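Notes to accompany the following structure.
The values are calculated or read from the model by the stated rules, or taken from the named source; none is laboratory data. Predicted model only: the values in this text are computed from it and were never measured. Using ideal geometry, Cβ is built from the backbone for each residue, glycine included, and neighbour counts are taken over all protein chains shown. Just so you know, the surface numbers come from the protein's heavy atoms only, side chains and all, with ligands and any DNA or RNA stripped out. Shrake-Rupley method; radii C 1.70, N 1.55, O 1.52, S 1.80 Å.
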Amino acid sequence: MPLEIRAFRLAQCPREELDRYLKKSGEAGPYHYMEWLEAVEKAYQHQGRVIAAYRNNEVCGVLPLVRIKLPFISPQLISLPFCDYGGPVADDNRIREQLLSAAKDLKTREGMNSVEIRVREPAIESNNWIAGEKVRMILSLPGSSQALFTSFKPKLRSQIRKAEKNGLACSVGMEEELLRRFYSVFCDNMRRLGSPVHSLSFFQALREAYGPRMVVAVVDLDGLPVGAGIVLLGNKEACIPWASTLSEYNHLAPNMLLYWRLLEWVSDRGTKTFDFGRSSFGEGTFRFKKQWGAEPAALGWYRLGDAPDFDNPWVVPTDLKSRIRQWIVAGWQCLPLDLANWLGPKIRRYISL
């Protein structure tokens, strides 16, 4: 049957039929859904676009995109910004190529600067990873939190219990108050790392869009939030895009309790896979996620070239030790927290990483 390719703006796209397709697909992750586009558009005014493939009037492929207009630069299309992956979800490679070709046509038609595609690969055993290479960390869940806890090594179980013995408590839910408590920890951590922070309105838009498929966890010490994270759910899969702790309380192991409570929560609700998110192979966050049993999976970020084969890789700069970046990070760390929180979202909306 011939393929028909249709391009939509988010407001005009047939959301129900696209979401039905994504839900039955084995390829779609929590970021692929229209909710991500909706939250980005509402919070940052970046237009959501969707390219869909139809065969016999039935959806057989979806490519979600966001049009980001940077100051003084032509717009770019990204699938997807502010997260690890997006890319086409399709019945086969031919449809996938047609979706990517349509994205190039859209770029040309609207005078955009580039099309960036971020794709994910399944977790595989490999001895060929390169130190510093960006990977996702994936954990298969056994079906219940009890089975998961039993599968942990004794040292890991001891670290989780240590956090509880240190007087920490963790709340998991979807309430606005939990989100605000998360944001206070997140802002402090981002300033410490020297990175502009997302706006609170972005997280509120995500909560409104995802509804019960977004979960917030906050670790408290005597009522003070010292650790927090957000999990998004979709297709029996959970991902944790953001997790933060207050560094002065790290000796109490709030991160151990935070991740355990979220793993416990999603395991007991039928989730099959937990995506710990992006890390640099062999570095600190990689080792932290590895201890839970997570395995690395490749991330491919590409900028579609002018050739029809779409195989031109765009290597994202990862040399965080460059002198210029060190100056920027050091300067941001010196900002008063209130100023960093006010200025950060105005910059962060243009940083697609």
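Scan region 325-344 residue by residue and report those that are in contact (Cβ under 8 Å) with a residue 60 or more places away in the chain and either of a type in the set (Lys, Arg) or open to solvent by 100 Å² or more (accessible area, probe 1.4 Å) (or both).
Ile328
Test Phe276 against the criterion of being over 24 Å from Asp19 (Cβ atoms), open to solvent by 10 Å² or more (accessible area, probe 1.4 Å) and outside any loop (DSSP other than H, G, I, E, B), and give yes or no.
In short, no.
For region 89-105, state whether one or more residues are in contact with a helix residue (DSSP H, G or I) (Cβ under 9 Å, 6 or more places away or on another chain), crowded, with 16+ Cβ neighbours inside 10 Å and closer than 30 Å to Arg6 by Cα.
Scanning region 89-105 turns up at least one residue that is in contact with a helix residue (DSSP H, G or I) (Cβ under 9 Å, 6 or more places away or on another chain), crowded, with 16+ Cβ neighbours inside 10 Å and closer than 30 Å to Arg6 by Cα.
Test Leu63 against the stated conditions and say whether it is part of a strand (DSSP E or B) and closer than 18 Å to Arg20 by Cα.
yes
Restricting region 246-266 to residues that are hydroxyl-bearing (Ser, Thr, Tyr) and surrounded by fewer than 22 Cβ atoms within 10 Å (Cβ to Cβ), which is farthest from the chain's Cα centre (by Cα)?
For region 246-266, the residue satisfying everything is Tyr249.
If you scan region 66-85, which residues turn out to be part of a loop (DSSP other than H, G, I, E, B) and of a type outside the set (Phe, Trp, Tyr)?
Of everything in region 66-85, those that are part of a loop (DSSP other than H, G, I, E, B) and of a type outside the set (Phe, Trp, Tyr) turn out to be Lys69, Leu70, Pro71, Ile73, Ser74, Pro75, Leu80, Pro81, Cys83, Asp84.
What number of residues within region 279-307 satisfy the criterion of being of a type in the set (D, E, K, R), part of a helix (DSSP H, G or I) and touching a residue at least 60 places away in the same chain (Cβ under 8 Å)?
So the count comes out to 2.
Across region 285-308, which residue is surrounded by the fewest Cβ atoms within 10 Å (Cβ to Cβ) among those that are among the small types (Gly, Ala, Ser) and under 19 Å from the mean Cα position of the chain (by Cα)?
Gly300
What are the residues in region 106-119 that are β-branched (Val, Ile, Thr), open to solvent by 10 Å² or more (accessible area, probe 1.4 Å) and touching a residue at least 12 places away in the same chain (Cβ under 8 Å), if any?
Residue satisfying the conditions is Val119 alone.
For every residue, the table says whether it meets (1) in contact (Cβ under 8 Å) with a residue 40 or more places away in the chain; (2) closer than 26 Å to Arg207 by Cα.
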site	(1), (2)
Lys165	no, no
Leu168	yes, yes
Met174	yes, yes
Glu177	no, yes
Ser184	yes, yes
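Which condition breaks for Lys236 when tested against (1) touching a strand residue (DSSP E or B) at 6+ places or on another chain (Cβ under 9 Å); (2) at pLDDT 95 or above?
Result: Lys236 fails condition (2) only.
This table checks each residue for (1) in a strand (DSSP E or B); (2) open to solvent by 40 Å² or more (accessible area, probe 1.4 Å).
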position	(1), (2)
Ile138	yes, no
Pro142	no, yes
Leu148	no, no
Leu156	no, no
Ile160	no, no
Arg191	no, yes
Phe202	no, no
Glu208	no, yes
Cys239	yes, no
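Please tell me if Tyr54 is aromatic (Phe, Trp, Tyr), under 25 Å from Glu208 (Cα atoms) and modelled with pLDDT of 95 or more.
no
In region 1-48, which residues are part of a strand (DSSP E or B) and either open to solvent by 10 Å² or more (accessible area, probe 1.4 Å) or in contact with a Phe, Trp or Tyr (Cβ under 7 Å, 6 or more places away or on another chain) (or both)?
Leu3, Glu4, Ile5, Arg6, Ala7, Phe8, Arg9, Gln47 - these are the residues of region 1-48 that are part of a strand (DSSP E or B) and either open to solvent by 10 Å² or more (accessible area, probe 1.4 Å) or in contact with a Phe, Trp or Tyr (Cβ under 7 Å, 6 or more places away or on another chain) (or both).
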